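A quick write-up on the structure given underneath.
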Amino acid sequence: MAPTMGGTEQAAIRRGYAEGRFGQIHYRVAGSHGVRSPLLMLHPSPLSGYVFENLMSEMGRDRYVIAPDTPGFGMSDPPAQPPEIADYAATMLEFVAGLGLGIVDVLGYHTGSLTSVEMAQQAPNVVRKIVMISATTFTPEETEKFRAQYKPKTVDERIGGISEGWRRFRDDFWRMEPNDHRAVNVYLEGRRNPDWSSWGHRAAFNYDLSGALKKSAHQILVLNPQDDLWEYTPRAAKLLKNGEVKNLPGWTHGFLDAETAAVGRMLREFLDH
């Protein structure tokens, strides 16, 4: 049972499908509509809304929270061709409108953070406040380095590397995850849909985040955990007209589950004031 607004119980996760320009969009939802703006959560590539479940239960105690699987990820249908961040953003704006959410706050994680900024560029009156987890404020040379690191792999390469990849993921990458069951499931979410799962990174590396941040007048909180974008994210501070970068030393991927209550407090302090 979902809690009453402002209750102490964690909100239950529910699931549904909506129609989108590329087919069906799978989403998770928690909490109830109230005085606060709905909170849209956009996941990193190549994962899904699954990464937000614990945070959704926490934030759903006092607001409506929704986390779609962006097109081609999780259980959402893919586009016919590789999309750009502008395409993801337009799809999410249609998703928000189709569900009648009105004005929303948006939390984006890695690729999702770019989509959140682009949503505000395309529809500034729909997006109220933005929370970004990390920022791809790369130089051109750094962008090419990341392109090479995340180049598409064949199905055989992906399947053949599952065991070794799991050890790296668990021990070095998603290492703050306190729950082995969730760690395995997050890892496997990233192994779905090998024909198009690289499209999110491709779109991210094509997107001019620095230019978009310079133009944005929205209130933006950038969280900078000590992950693979730790050294690049602080550059966003000089680009923000109305925001700040909050460094989270010692935290890395998995922190949304390891420090759920602390993240909830940070989000409420920003979103509710």
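Values in this text are rule-based calculations from the coordinates and carry no lab data. Please read these numbers as outputs of a predicted model, since none were measured by experiment. Cβ coordinates were reconstructed from backbone atoms using ideal geometry, including for glycine residues, and neighbour counts include every protein chain displayed.
Remark on GLN24: its backbone amide H falls under 5 Å from those of ASP77, a criterion applied only to residues 5 or more positions apart or on other chains, H modelled at 1.01 Å from N.
Distance between the modelled labels on ARG175 and ALA12, one decimal in nanometres: 3.9 nm (7 Å Cα→Cβ projection). Taking the Kirkwood radius as Rh and the Cα radius of gyration as Rg, segment 49-118 has a ratio of Rg/Rh equal to 0.95. The relative contact order of segment 8-106, computed from alpha carbon pairs under 8 Å that lie at least 6 residues apart in sequence, is 34 percent. Estimated from helices alone, the mean residue ellipticity of the chain at 222 nm is -10000 deg cm²/dmol (sum of -39500 (n - 2.57) over DSSP H runs with n ≥ 4, per residue). Output the Kirkwood hydrodynamic radius of the chain, Cα pairs only, in Å rounded to one decimal. With all distinct Cα pairs of the chain included, I get 18.6 Å. For the chain, the relative contact order comes to 20 percent (Cα pairs under 8 Å, sequence separation of at least 6). Over segment 95-236, one equal point on each Cα, no solvent: what is log10 I(q)/I(0) by the Debye formula at q = 0.10, 0.20 Å⁻¹? So the normalised log intensities are -0.41, -1.31.
Extension gain for GLU84-ALA262 works out to 60.8 nm (0.36 nm per residue, less the C-alpha to C-alpha distance). Modelled spin labels at ASN185 and ALA97, positioned 7 Å past Cα toward Cβ, are 3.4 nm from each other. Between LEU107 and LEU40, MET41, LEU42, VAL131, the built amide H atoms are under 5 Å apart, and every one of these is 5 or more places off in sequence or on another chain. Separation of segment 219-257 and segment 180-206, taken as the distance between their Cα centroids, equals 21 angstrom. Segment ASN206..GLU231, full-extension length gain: 7.0 nm, with 0.36 nm per residue of separation and the alpha-carbon distance subtracted.
Restriction of the trypsin sites (Lys or Arg not before Pro) in segment 217-273 to DSSP coil positions whose beta-carbon has at most 12 other beta-carbons within 10 angstrom yields LYS241. Each of HIS273, HIS218 has some number of other Cβ atoms within 10 Å of its Cβ, and from fewest to most they run HIS273, HIS218. Residues within the reach of a label modelled at GLN149 (point 7 angstrom out along Cα to beta-carbon, backbone nitrogen below 20 Å), restricted to segment 176-198, are 176-177, 187-188, 190-191, 197-198. One chain, two ends: HIS273 and LYS246. Fully extended at 0.36 nm per residue, the span grows by 8.1 nm beyond their Cα-Cα distance.
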